[in-house]
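Peer 1: Got a structure for you, written out below as structure tokens; questions coming shortly.
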Amino acid sequence: MAAHRQLRHWWPRPQFSLFLLVLWLLLMNTLSLAQLVIGAFLGWSIPYLTQPFWPENPRLHQAWRLVPYFAHLLWDILKSNVTVARLILLPPGRLRPAFIRYPVILTDEFALAMLASTISLTPGTVSAGLSPDQKTLLIHALHVVDEEALIRHIHTRYEQPLKEILE
Amino acid sequence: MNIPLWLDALIAALLLIGAIVATLGSVGLARMPDFYMRLHGPTKACTLGVGCTMLGSLLYFSVAGQGISVQEVLITVFLFVTAPVSAHVMARAALHRRVACSANTRHPPWPEMDHPPAPPSLANPGEARQGPSSIPGEGSDTRTRGS
């Protein structure tokens, strides 16, 4: 048992290490011994050195459901890029920017990070801050007419799926 | 190298769209009136513009070059992961420093900064970018973390 804990200490995240190794080899696009060694070293050292910064292990209930989520997201990025392109070409005086307080229902930190990133990735909205009690997400929107509709949209399209997948 | 014409056209179109979107992002950066609105252009140009360019590159090198290379996909994934984080950090930093937002912004996080003063004077360039030095009665506002 003690040996196991020792191993945990020196090699905290085996799966992540393996992932980093594969990533490194893909980036280098080779399978040479030298790159294998470098990749293995990075795979060990990065998780070890960043250990203190890691949140609790996220638990994925239905990991496969992330695929349609990302597909949705990609489509939304495409769609709203066109919208934002049009907004940028409008005279800036016609834009109606706003800060929006979004009431979050997610509690898991990893899920919250995913939601904030999603909001920033979809054009027209940037997440700008989370209240210390993690209940309100401050969002800056480039052009918004109906704030309620935007909040509802984020809730049904992103937050609900994330809650089901991650919590 | 023999690439079928339709594929050539597709790659060219992807590169062109990528370039146009990236340009629009930069135009947005230049034209928008305040910091928070400027933030929107580049983060978006990153997602779609770079995505299109990378897809074009991926197609080209997969067909013409040395087999499928996944580096482009990885670069795109990295950008998608890092772009929102940097945008978020910049927005936070701006909020923390109370960088003024334009006058027509609704619900600014604190009432004192919703109307930026006239263009910054040369005598005191820092003045226009910050709100008043004393900010009373903001204890209830959860967004502003104490400095």
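The values are calculated or read from the model by the stated rules, or taken from the named source; none is laboratory data. Note that the coordinates shown come from a computational prediction; the quantities given were computed from them, not determined experimentally. A quick note on method: Cβ atoms are made from the backbone with ideal geometry, for glycine too, and the neighbour counts reach across all protein chains shown.
Peer 1: Looking at B:A87, B:A103, which is the one that is within 12 Å of chain A (Cβ to nearest Cβ) and at pLDDT below 75?
Peer 2: When all the criteria are applied, what remains is B:A103.
Peer 1: Follow-up question, since we're still on this one. With the requirement that a residue be crowded, with 19+ Cβ neighbours inside 10 Å and either at the interface with chain B (Cβ under 9 Å from one of its Cβ atoms) or farther than 15 Å from B:R106 by Cβ (or both), what does the range A:125-140 give you?
Peer 2: Correct list: A:T125, A:V126, A:S127, A:A128, A:G129, A:L130, A:L137, A:L138, A:H140.
Yes or no, residue by residue, for (1) within 27 Å of A:P123 (Cα to Cα); (2) more than 10 Å from chain B (Cβ to nearest Cβ):
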site	(1), (2)
A:L31	no, yes
A:A40	no, yes
A:A63	yes, yes
A:A71	yes, yes
A:L74	yes, no
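Peer 1: What's the number of the condition A:E109 fails, among (1) among the acidic types (D, E); (2) away from chain B (no Cβ under 12 Å); (3) more than 17 Å from B:V85 (Cα to Cα)?
Peer 2: (3)
Peer 1: Also, quick follow-up: Pull up the range B:29-44, narrow it to residues that are closer than 26 Å to B:I11 by Cβ and at the interface with chain A (Cβ under 9 Å from one of its Cβ atoms), then point me to the one that is surrounded by the most Cβ atoms within 10 Å (Cβ to Cβ).
Peer 2: Looking at the filtered set, the residue picked out is B:K44.
Peer 1: Now for a separate question. Within the range A:23-39, track down each residue that is surrounded by 12 or more Cβ atoms within 10 Å (Cβ to Cβ) and outside any loop (DSSP other than H, G, I, E, B).
Peer 2: Listed by number, the residues that qualify are A:L23, A:W24, A:L25, A:L26, A:L27, A:M28, A:Q35, A:L36, A:I38, A:G39.
Peer 1: Continuing with the same structure: Test A:P52 against the stated conditions and say whether it is at pLDDT below 85 and exposed (fewer than 13 other Cβ atoms within 10 Å of the Cβ).
Peer 2: In short, yes.
Peer 1: With respect to A:S80, determine if the residue is within 12 Å of chain B (Cβ to nearest Cβ) and either modelled with pLDDT under 80 or more than 30 Å from B:I20 (Cβ to Cβ) (or both).
Peer 2: Against the criterion (within 12 Å of chain B (Cβ to nearest Cβ) and either modelled with pLDDT under 80 or more than 30 Å from B:I20 (Cβ to Cβ) (or both)), A:S80 qualifies.
Peer 1: Based on this model, can you work out whether A:D146 counts as surrounded by 15 or more Cβ atoms within 10 Å (Cβ to Cβ) and of a type in the set (D, E, K, R)?
Peer 2: Taking the combined requirement at face value, the residue does not satisfy it.
Peer 1: Hey, does the range B:68-78 have a residue that's facing chain A (nearest Cβ under 10 Å), hydroxyl-bearing (S, T, Y) and in contact with a helix residue (DSSP H, G or I) (Cβ under 7 Å, 6 or more places away or on another chain)?
Peer 2: Yes, the conditions are met somewhere in the range B:68-78.
Peer 1: Before we move on, is B:L7 at the interface with another protein chain (Cβ under 10 Å from one of its Cβ atoms), out of contact with any Lys or Arg (no Cβ under 7 Å at 6 or more places or on another chain) and in contact (Cβ under 8 Å) with a residue 12 or more places away in the chain?
Peer 2: Against the criterion (at the interface with another protein chain (Cβ under 10 Å from one of its Cβ atoms), out of contact with any Lys or Arg (no Cβ under 7 Å at 6 or more places or on another chain) and in contact (Cβ under 8 Å) with a residue 12 or more places away in the chain), B:L7 does not qualify.
Peer 1: Within the bounds of the range A:104-119, is there any residue that is at positive phi and without any contact (Cβ under 8 Å) to a residue 60 or more places away in the chain?
Peer 2: no
Peer 1: Can you work out which of the residues in the range A:114-124 that are within 19 Å of A:P161 (Cα to Cα) and at the interface with chain B (Cβ under 7 Å from one of its Cβ atoms) is surrounded by the most Cβ atoms within 10 Å (Cβ to Cβ)?
Peer 2: A:S120
Peer 1: Could you please find all residues in the range A:140-167 being assigned to a helix (DSSP H, G or I) and touching a strand residue (DSSP E or B) at 6+ places or on another chain (Cβ under 7 Å)?
Peer 2: Once the filter is applied, which keeps residues that are assigned to a helix (DSSP H, G or I) and touching a strand residue (DSSP E or B) at 6+ places or on another chain (Cβ under 7 Å), the range A:140-167 yields A:E147, A:L150, A:I151, A:I154.
Peer 1: Another one. Filter the range A:91-113 down to residues that are aromatic (F, W, Y) and at pLDDT 85 or above and give me whichever is surrounded by the most Cβ atoms within 10 Å (Cβ to Cβ).
Peer 2: A:F99
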